[in-house]
Structure formats: structure tokens, C-alpha cells
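Q: First the structure, then my questions, so here it is.
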């Protein structure tokens, strides 16, 4: 049985098909018909597909209307703007985790190479640099030009020796090719569940901690640890993606606070206007025609009075 969400999406699809038919854009129907074929257990949907294939477009529109009427009560209203925002955020979440995974994989590749290089060649490279340093050290007092070369060789040897000793302390689990694929697959699944950039703000700090542990385990080929983190994330449902966790009610409450403040500001301005002398005068006028006639008469009288005064 279709869920209300599936019914809602199916009705949206059918409305698109109906619109395309009414616009006579029949070539655009193919892709949408393919999407309908996942719902062929419904008799009306089967009939709609058959009618479209047969180019019985009037019958198709009628069947679509019938299906919508029969199933409208099963749909859950979704604000289209909120739904579009959720879709966009979800897509961005996927892009963020996908891109981050790519970066991590490249960094891991470089790191793995460094470990391998250090284990197999480090001792030899260190010895070469040491000998080069010692050779130049003995020459620098004889040849002034060798002093600069010696200082450079000394620096190279010391830096490499330090890096070599530090890398030797790192532990990395040996994995088969199959285990490496399993590690990558589980790591990617886990990052989608705990990436700090795609979880709600209240869980961001904790997500960063889990993500660091996950990255460290992945870097060292610790399949067991990555598996444990993934298992905890899947069972605990600790983190909520922004696309699902952004609460439109909270947004509405925030907007309500803003509107209340705006209303208070407007009311303050309104109060000041009502208390003004200009407003007080106007509000006392009951009949504007009479007021202007009377005022005009008064002004004429004043005019006459002024004219008489000049004589």
C-alpha cells in the first residue's frame, strides 16, 4: 500500500502529466510514464499508462482526475516552498559529504603512500642524507662554497630523520583488497550520518568529535573501529540532517517575534501621529464639505477685512 507521502508525490507527477497533455507537449511524457511504472499495482495507474501509450489523451486526463479525487484525502499537505528548501538542503548535504569524502580519500592515498615509503625506504633515505651531510661537513672548512650546501644538507637530514621517526610510530592495519573496499564503503556511509557540516547546529560539536574519530580510524585502516562507529550511528540515530531537522515551526516563531516587534514599532509611530496637533484638528471635523465652505467664507471675510483696512 502506498504511503501518504508516496501518494502525494504520485499526484504531483500526474498533475505534471496532465499539464503536458493540455500543453500538447506529448514528447515530454516519456520520462514521466517510466516513473509511473513503479505504481502499476494500482489499476487506474495501469489504465493511465495504457491510455498514454495509445494516445487516448482525453481518457488519460479523465483517469488522472479520478485518481486524484479518490486519493486526495490520503495526501499530507506539504508547503511547496518548505519542501523545495528541504530538497535543496538535502542535495547540498549530499554534495558536501561526497566532496569531503573525495578529499579524505586523496589525503589518505597520500598518507598511505608516505607510510609505505617510510617503512620500505625511510631507513635508506635517512642514511643517504646523513652521509651527504657528513661529506659536506668535512668539505666546508676547505671550500667556502660548500658551507651553504652543508647547511642545506644538514637541514634536510634533520627534518627527514624527525619525520621518519614519527612515522615509524604510526600504526596502520594491514587489509586485504576486499577489506579495503569494505572500509571505504562503511566510511562513506558513516560520514553521511555524522558530517559536522550537514547536522543540526545543536549537535555540531559532538558530530565533530565523532567525525575526528572516524577519520582517524579510516586513516589507519582500522576497519573494526570504523564498523563500530557506523553501527553506533545507524542504531542510535544520533544526528539529524539539516534537511530533516530544520523545524519550520521554529522558523515561524522566529518570524512571529520579528513581526511583533515590527508591529510595536508601527504602533509607536501611529501613537505619535495621533497625538499630533494636525491630527487632532482633522479628527474634530465631522463634515468636510461644510468645513471647507465655512473656512472659505471665513477667509473671504478676512480678505475683505484686510482690503477695507487698506483704504
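Each reported figure results from applying straightforward, stated rules to the coordinates on display, with no laboratory input. The model shown is predicted, which means the values in this text are computed figures rather than measured ones. Neighbour counts run over all protein chains shown; Cβ positions are idealised from the backbone, glycine included.
Q: Quote the relative contact order of region 4-74 in percent (integer), defining contacts as alpha-carbon pairs under 8 Å separated by 6+ residues. Don't skip to the end; give the middle numbers.
A: Details: 40 pairs, mean separation 24.5, N = 71.
With pairs under 8 Å counted, the relative contact order is 35 percent.
Q: Suppose the chain between residue 149 and residue 117 were pulled fully straight at 0.36 nm per residue; how much longer would it get relative to their current alpha carbon spacing? Numbers along the way, then the final one.
A: On the way: separation 32, 0.36 × 32 = 11.52 nm, distance 2.56 nm.
That works out to 9.0 nm of additional length.
Q: What is the distance, in nm, between label points placed 7 Å from the Cα along the Cα-to-Cβ direction at residue 302 and at residue 283?
A: Taking the two extended label points, one gets 2.5 nm.
Q: Which part of region 151-188 falls in the paramagnetic zone of residue 141, meaning amide N under 16 Å from the point 7 Å along Cα-to-beta-carbon?
A: 151
Q: Sticking with this one: Take each of the peptides 220-233, 288-301, average the number of other beta-carbon atoms within 10 Å over its residues, and list them starting from the highest. It would help to have the intermediate numbers written out before the result.
A: Working: 220-233: 17.6, 288-301: 10.2.
Answer by packing, highest mean first, reads 220-233, 288-301.
Q: If you average over every viewing direction, what projected area does the convex hull of the Cα atoms of region 84-236 give, in nm²?
A: On the way: hull surface 51.3 nm².
The number I arrive at for region 84-236 is 12.8 nm².
Q: Now a separate question. Once you sort the root eigenvalues of the Cα gyration tensor of region 178-241 as a ≥ b ≥ c, which label holds: rounded (a/c under 1.5), prolate (a/b larger than b/c) or oblate (the other case)? Don't skip to the answer; put the middle values down first.
A: Values: a/c = 2.25, a/b = 1.85, b/c = 1.22.
Taking the square roots of the gyration eigenvalues as a ≥ b ≥ c, region 178-241 is prolate.
Q: Please report the spacing between the Cα centers of region 141-181 and region 1-70 in Å, no decimals.
A: Value for the Cα centre distance between the two parts: 67 Å.
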